[in-house]
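Trainee: For reference, the structure I am asking about is given below.
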Amino acid sequence: MSHASRRTALRALVREAGLDALLVTDLVNVRYLTGFTGSNAALLLHADGDARTRFGTDGRYLTQSAAEVPDLVPVIERATARALIGRAAALDVAALGFESDAVTVEEHRALVDAAEGVTLERAPGLVQQLRVVKDDTEIDALRRACAIADAALADLIAAGGIREGRTERDVALDLEERMRRLGAQAPAFESIVAAGANSAIPHHSPTGAQLRRGDLVKLDFGALVDGYHSDMTRTFVLGPPADWQRELYDLVARSQAAGRAAVLPGTQVSDVDKASRSVIADAGRGEQFLHGLGHGVGLQIHEAPALSASGRGALAEGMAVTVEPGVYLEGRGGVRIEDTLVVLAGAAEPITLTTRELVEL
């Protein structure tokens, strides 16, 4: 699907909302609809078509925007959103939606001040309704991001990069550098490397703590490719696992397998969470599963849908989601296993492929 096709799909939602146009100011949504990757931009998407649609950015991006957005009329102004609103009336826009979920109070005041002859109406989440189901171009980028993450982890292990004496920070930097060398633009987010008791902290930031024999070592990381994020967690053990570590790992592995099996079109997201969580709850460790099961992933590392007990809606073919149960024993250690999956017609396809078996390093 091209950016123009995405804009066409969005116009149907704009018309359904009774709007003449939508002002898109969320930079992630602007990128999704235009391909623009700069730090200042907005889009006035007219319900009638691209002829009346205007793309705005500032002079720093004159050359870049011409290359990335050659198919839309540009408006080059520093105060981009205000400049687009100022042109709305001349484009026969009376009712103008804006992304009320993506503007501050001060930004809203500025929009109101600029909206002469135009009625501003709240229109949150319209672009996100499209983004939740990925097209082939997006899925290809996600596959490449996941492949780079898999390869970087394999290289790290082969080089002995996860070993006794290294610090959590050493391992994180090493892994991130390997992803960059393999073609990632950047890490998808701050990599988590958590060893020993730190592995019981779900979102631990790497420190100078040294890895020790007998530690569980949890790595949660991803690669960024063409703006798309991969997300994977694997937990290793340094040396032979203790009985409690193997028991904990086997429990999380069974929970994760149940969650993956439940990722099917039409399944309520809360039911996917339940399928995985019940395995852990039945083992008496439900209170030690401290977070939702997963989330959508794409141009942002956390997108809709939310796979959690309170999540709403059903899965659909083409969604990309994570399944990441974990059990965390404070002061001892924790295990999380996470994959990124694409929802297909008859099954979920994991696109992170590193083994889910317990690996002794």
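Trainee: Would you please name the residue that is farthest from the chain's Cα centre (by Cα), looking only at residues in segment 53-104 that are farther than 23 Å from residue 129 by Cα and among the basic types (Lys, Arg)?
Mentor: It comes out as 87.
Trainee: Mind checking whether some residue in segment 342-360 is touching a residue at least 12 places away in the same chain (Cβ under 8 Å), of a type in the set (Asp, Glu), closer than 30 Å to residue 240 by Cβ and buried (at least 24 other Cβ atoms within 10 Å of the Cβ)?
Mentor: Within segment 342-360, none of the residues are touching a residue at least 12 places away in the same chain (Cβ under 8 Å), of a type in the set (Asp, Glu), closer than 30 Å to residue 240 by Cβ and buried (at least 24 other Cβ atoms within 10 Å of the Cβ).
Let's see how each residue does on (1) surrounded by fewer than 16 Cβ atoms within 10 Å (Cβ to Cβ); (2) out of contact with any Asp or Glu (no Cβ under 7 Å at 6 or more places or on another chain); (3) not in a loop (DSSP other than H, G, I, E, B):
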| residue | (1), (2), (3) |
| --- | --- |
| 140 | yes, yes, yes |
| 156 | no, no, yes |
| 165 | yes, yes, no |
| 174 | no, yes, yes |
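Trainee: Among all residue pairs at least 6 apart or on different chains, which show Cβ distances below 8 Å where the first residue, located in segment 6-19, is in contact (Cβ under 8 Å) with a residue 24 or more places away in the chain and the second is among the aromatic types (Phe, Trp, Tyr) and in a helix (DSSP H, G or I)?
Mentor: 6/32
Trainee: Identify all residues within segment 255-273 that are over 27 Å from residue 204 (Cβ atoms) and among the charged types (D, E, K, R); write none if there are none.
Mentor: Result: 271, single match.
Trainee: Checking residue 152 against (1) more than 19 Å from residue 301 (Cβ to Cβ); (2) at pLDDT 95 or above; (3) in contact with a helix residue (DSSP H, G or I) (Cβ under 6 Å, 6 or more places away or on another chain), which single condition isn't satisfied?
Mentor: The single condition residue 152 does not satisfy is (1).
Trainee: A follow-up question, please. So which residues in segment 93-120 are at pLDDT 95 or above and among the charged types (D, E, K, R), if there are any at all?
Mentor: Selection gives 99 alone.
Trainee: A follow-up question, please. Of all residues in segment 205-241 being in a loop (DSSP other than H, G, I, E, B) and touching a Lys or Arg at 6+ places or on another chain (Cβ under 8 Å), which is nearest to residue 295 (Cα to Cα)?
Mentor: 227
Trainee: Here is a further query. Any idea which of 115, 152 is closer than 28 Å to residue 49 by Cβ and surrounded by 16 or more Cβ atoms within 10 Å (Cβ to Cβ)?
Mentor: 115
Trainee: A further question follows. Cβ-Cβ distance below 9 Å, separation of 6 or more or different chains: which pairs start in segment 107-122 with a residue that is assigned by TED's automatic domain parsing to the domain that holds residue 82 and over 15 Å from residue 86 (Cβ atoms) and end on one that is aromatic (Phe, Trp, Tyr) and surrounded by 12 or more Cβ atoms within 10 Å (Cβ to Cβ)?
Mentor: 108/98; 121/98; 122/98
Trainee: Also: So the check is Cβ under 6 Å with 6+ separation or different chains; which pairs have a first residue in segment 289-311 that's touching a residue at least 12 places away in the same chain (Cβ under 8 Å) and among the β-branched types (Val, Ile, Thr) and a second one that's part of a loop (DSSP other than H, G, I, E, B) and surrounded by 19 or more Cβ atoms within 10 Å (Cβ to Cβ)?
Mentor: 297/231; 301/188
Trainee: Here's a follow-up. Can you tell me which residue is surrounded by the fewest Cβ atoms within 10 Å (Cβ to Cβ) among those in segment 9-26 that are in contact with a Gly (Cβ under 8 Å, 6 or more places away or on another chain) and more than 15 Å from residue 124 (Cβ to Cβ)?
Mentor: 11
Trainee: Considering only segment 274-361, give the strands (runs of 3 or more DSSP E) lying wholly within it that have at least 1 residues that are modelled with pLDDT under 95.
Mentor: In segment 274-361, the matching strands (runs of 3 or more DSSP E) lie at 348-350.
The values are calculated or read from the model by the stated rules, or taken from the named source; none is laboratory data. Note that the coordinates shown come from a computational prediction; the quantities given were computed from them, not determined experimentally. FYI the Cβ positions are ideal-geometry reconstructions off the backbone, even for glycines, and counts take in every protein chain you see.
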